[in-house]
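S.K.: What follows is a structure written as structure tokens; I'll ask about it next.
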Amino acid sequence: KIKIAVLISGGGSNLQAIINAIKAGKINGEIKLVISDKKDVYGLERAKKEEIHNFTILQSDFSTKKQWNQAILQVLEDYKIDLVLLAGFMSILDKEIVKAFPNAIMNIHPSLIPSFCGKGYYGKKVHQAVLEYGVKLTGVSVHFVDEGADTGPIILQEAVKVKQEDTVESLAQRVLKVEHKLYPKAVQLFTQGKLKVEGRKVFILE
Ligand code: GAR
């Protein structure tokens, strides 16, 4: 079984979707650990309820971002993690962590990359920007993490229509529904050994 760590900063509905897919037998893996970079978020409650080991590692408890990253890396290594999932994790990891997990860190982003992504575009801000721009299509992207912000090889994408009457909230909800389907699918493909990365491209093997 593949040993998974999930990194969160908030509600953890994507964490829940992964938990549910494992329970349903769709993912041959085990969540060994949940790390939050925010205190008392609801995602931590979800981990506790499932008796998953969980840690809160705050950047503010370290004098440098590098030290904070090292603390996270240490835990990932202690638990012999194979796959790291960023699920609503709102910080950017240092290259030391990225290098330690080549094509083994995934992120989910609530837009069609390369639109509305990168530094400054996270969570509800993405949907706000989508509505302000007036695009008719947005969506979900799951990608491998490289050293940039939302720049790594794209694994899966799905479009979501923007409605005239959408608010940030209604759009976020509709996009989340697709996220909860796409993220478990990407993890399933990974655990089945069906993802092959060549440069920027991810090939899905039959
Ligand atoms: C999700 O929409 C996720 O795609 C987004 O934050 C939300 C977290 O929800 N992530 C980012 O914006 C990362 N840059 P959740 O905590 O309920 O999974």
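S.K.: From the list Val178, Val197, Val140, which residue is surrounded by 13 or more Cβ atoms within 10 Å (Cβ to Cβ) and either over 18 Å from His109 (Cα atoms) or over 19 Å from the mean Cα position of the chain (by Cα) (or both)?
M.R.: Val197
S.K.: Here's another thing I want to ask about it. Could you go through region 90-106 and let me know if any residue there is within 11 Å of the ligand (Cβ to nearest atom), surrounded by 20 or more Cβ atoms within 10 Å (Cβ to Cβ) and not β-branched (Val, Ile, Thr).
M.R.: Looking through region 90-106, none of the residues is within 11 Å of the ligand (Cβ to nearest atom), surrounded by 20 or more Cβ atoms within 10 Å (Cβ to Cβ) and not β-branched (Val, Ile, Thr).
S.K.: Tell me which residues, restricted to region 1-25, are free of Cβ contacts under 8 Å to residues at least 12 places away in the same chain and crowded, with 19+ Cβ neighbours inside 10 Å.
M.R.: Ile22
S.K.: Also: Filter region 1-56 down to the residues that are of a type outside the set (Lys, Arg), assigned to a loop (DSSP other than H, G, I, E, B) and either within 14 Å of the ligand (Cβ to nearest atom) or at positive phi (or both) and list them by number.
M.R.: Ser9, Gly10, Gly11, Gly12, Gly25, Asp37, Asp40, Val41, Glu51
S.K.: Can you find, within region 88-122, the residue that is farthest from Thr167 (Cα to Cα) among those that are among the charged types (D, E, K, R) and not in a helix (DSSP H, G or I)?
M.R.: Once the filter is applied, the top-ranked residue is Asp94.
S.K.: Just to be sure before I move on: is Glu132 modelled with pLDDT of 95 or more, more than 12 Å from the ligand (Cβ to nearest atom) and not in a helix (DSSP H, G or I) in the structure I sent?
M.R.: No.
A quick yes/no check of all residues on (1) at positive phi; (2) in contact with a Lys or Arg (Cβ under 7 Å, 6 or more places away or on another chain); (3) without any contact (Cβ under 8 Å) to a residue 40 or more places away in the chain:
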position	(1), (2), (3)
Trp68	no, no, yes
Val75	no, no, no
Asp82	no, yes, no
Tyr122	no, no, yes
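S.K.: Just give me the residues in region 143-159 being touching a Ser or Thr at 6+ places or on another chain (Cβ under 7 Å) and buried (at least 21 other Cβ atoms within 10 Å of the Cβ), in sequence order.
M.R.: Across region 143-159, there are no qualifying residues.
S.K.: Using the structure shown, decide if Asp166 is charged (D, E, K, R), part of a loop (DSSP other than H, G, I, E, B), over 16 Å from the mean Cα position of the chain (by Cα) and buried (at least 17 other Cβ atoms within 10 Å of the Cβ).
M.R.: Against the criterion (charged (D, E, K, R), part of a loop (DSSP other than H, G, I, E, B), over 16 Å from the mean Cα position of the chain (by Cα) and buried (at least 17 other Cβ atoms within 10 Å of the Cβ)), Asp166 qualifies.
S.K.: Being among the charged types (D, E, K, R) and within 12 Å of Asp166 (Cα to Cα) is the filter here, so list the residues in region 123-140 that pass it.
M.R.: Glu132, Lys136
S.K.: Which condition breaks for Leu76 when tested against (1) surrounded by fewer than 17 Cβ atoms within 10 Å (Cβ to Cβ); (2) more than 10 Å from the ligand (Cβ to nearest atom); (3) under 23 Å from Tyr183 (Cα atoms); (4) of a type outside the set (Asp, Glu)?
M.R.: If we test Leu76 against (1) surrounded by fewer than 17 Cβ atoms within 10 Å (Cβ to Cβ); (2) more than 10 Å from the ligand (Cβ to nearest atom); (3) under 23 Å from Tyr183 (Cα atoms); (4) of a type outside the set (Asp, Glu), just (1) comes out false.
S.K.: Could you check region 26-60 and list, in sequence order, the residues that are surrounded by 14 or more Cβ atoms within 10 Å (Cβ to Cβ) and basic (Lys, Arg)?
M.R.: If the condition is that a residue be surrounded by 14 or more Cβ atoms within 10 Å (Cβ to Cβ) and basic (Lys, Arg), then Lys26, Lys32, Lys38, Arg46 are the ones that fit.
The values are calculated or read from the model by the stated rules, or taken from the named source; none is laboratory data. It should be emphasised that the depicted structure is a prediction, and the values quoted were computed from it without experimental measurement. Reconstructed Cβ throughout: ideal geometry from the backbone, glycine too, with neighbour counts over all protein chains shown.
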